[in-house]
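Structure record follows, encoded as structure tokens.
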Amino acid sequence: MTEAAGADAPKALAGVRVLDLTHVQSGPSATQLLAWLGADVIKLETPGRGDVARGQLRDRPGVDSLYFAMLNCNKRSITLNLKARQGKRMFRRLVATADVLVENRHPGVLDRLGFPWPVLRRLNPRLVYASIRGFGPGRHAELKGYEMFAQAMGGAMATTGFPGGPPTASGAQIGDAGAGVHLVAAVLAALYQRTVTRRGQQVQVTMQEAVLNLCRVKLRDQQRLAHGPLTEYPGQPREAEVPRAGNASGGGQPGWALRCAPGGPNDYVYVIVQPQGWRALARLTGRPELADDAGWATQEARRGKLDKMFAMVEEWTERRAKWRVLDILTEHGIPCAPVMSTRELLDDPTLAALGTIVEVDHPERGGFRTVGSPLRLSDSPVEVGRPPLLGEHNAEVYAELGYGERQLADLRAIGVI
């Protein structure tokens, strides 16, 4: 199919209605992906306040924060008081029209409002009820689902940082957004299964398990420790637990982040040394004799002196800018990548051309840049739209349920919407 035909085709999730009861980051990251895939995502928020993220980390007074804006593109927003009798009635009608309901509230919140899963299922047997929790049932079930808690209890912090240093958090939101991506996979699987069973189901992802799934190679290494030191880590650690290994790749091919000129905080290139690249690397760094030296010529010989090897390469990289290092090493077939700062990412012309970084126009804050969809389907191209204002689509969505203007005015007057 041509690109033009793909642009005219229905979106992948066209016709799927998602009732979005999520807030902050983990849930909204999931529902935004569903919206980008073409689902009609209706974000249900508390009247007068909305998603708490609207007011968090504001860079401009009285305007929805970038935190909210960058997680809620392509959605419609309605307000509804779920504690009010009329609000509960309206919610039942919304549930009856939905294909998916997504929530990341504290366990039991919807139950206490009178909408546990059995009730929701009776209202709509085809409903996929998707939840994100911090932790699963058991000892930790009541812990709050914070990003750093998930990293701490999912294996990420214990294995991140440098030897002798404290456990360190990842800059990537692997707990919140990681759980969101996992939830999208579960929702899509449930929707597909519904085409066969004709009934919905309950799906759940926990932030701890999402992080743990992303840390599986560290669990691999934990079990390998029983049979000897981890030779691909600097110092070949023999501890009882997988150590923090700095910038070591921890894989079959050793790698490290090396300083470049002029020495700024992100003037680094990550270099991986493969067996087939050693001769060229030795020549480039002014040590051609090491290409045939028995103590250096093989991957096995170099594995015991990774610190010395990377220090030697760094003597060469730190005299050159990272983009120059990238060009030279790439020309010689040596795998490497520059460390890109957040500023460089936002300003990168390649990412802009790919639609990885996009400009979005907002009626109150004007233009802002955000991350485009990482999901690329040839017949369902994503068009990133703006996030909704609080309750912007009340009249539109409630009219679809049969509510007239006078009814909505009355409901608004008593604080139901």
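The values are calculated or read from the model by the stated rules, or taken from the named source; none is laboratory data. Quantities reported herein were computed from a predicted structural model and do not represent experimental measurements. Here the Cβ positions follow ideal geometry from the backbone for every residue, glycine too, while neighbour counts run over all protein chains shown. Side chains are part of the model used for accessible areas, which takes the heavy atoms of the whole protein and leaves out ligands, DNA and RNA. Shrake-Rupley method; radii C 1.70, N 1.55, O 1.52, S 1.80 Å.
Checking (1) 58, 54, 44; (2) 86, 47, 46; (3) 53, 50, 39 against Cα extents along the principal axes in Å calculated from these atoms, the matching label is (2).
When the chain is treated as a Gaussian network with alpha carbon springs shorter than 10 Å, the biggest mean-square fluctuation among Val242, Val211, Val100 belongs to Val242. Centre-to-centre separation between the Cα atoms of segment 52-74 and those of segment 112-126: 31 Å. Annotation: per residue accessible area for the chain equals 50 Å², rounded to a whole number [probe 1.4 Å, protein chains only].
Rounded to whole Å, the principal axis extents of the Cα atoms in segment 49-202 read 56, 43, 29, largest first.
Basic side chains Lys and Arg get +1 at the Cβ, acidic Asp and Glu get -1 at the Cβ, and with that the dipole of segment 204-337 about its Cα centre reaches some 40 debye. Close Lys pairs in the chain (alpha-carbon distance under 26 Å; sequence gap of 8 or more, or different chains): 14. Where does the charge balance sit around Gln32 when Lys and Arg score +1, Asp and Glu -1, over other residues with C-beta under 11 Å from its C-beta? With Lys, Arg at +1 and Asp, Glu at -1, the net is +1.
Segment 246-290 and segment 296-355 have Cα centres lying 6 Å from one another. Each Lys or Arg adds one and each Asp or Glu subtracts one; over the other residues with Cβ under 15 Å from the Cβ of Val269, this totals -2.
How many percent of the accessible area of the chain is carbon or sulfur, using a 1.4 Å probe? In the chain, the share of accessible area belonging to carbon and sulfur is 54 percent.
Dividing the helix sum by the residues of the chain, where each DSSP H run of 4 or more adds -39500 (n - 2.57), gives a mean residue ellipticity at 222 nm of -10000 deg cm²/dmol.
Scanning residues 5 or more positions from Ala130 or on other chains, those with amide H under 5 Å from its amide H are Leu101, Val102, Glu103, Val203, with H placed 1.01 Å from N in the peptide plane.
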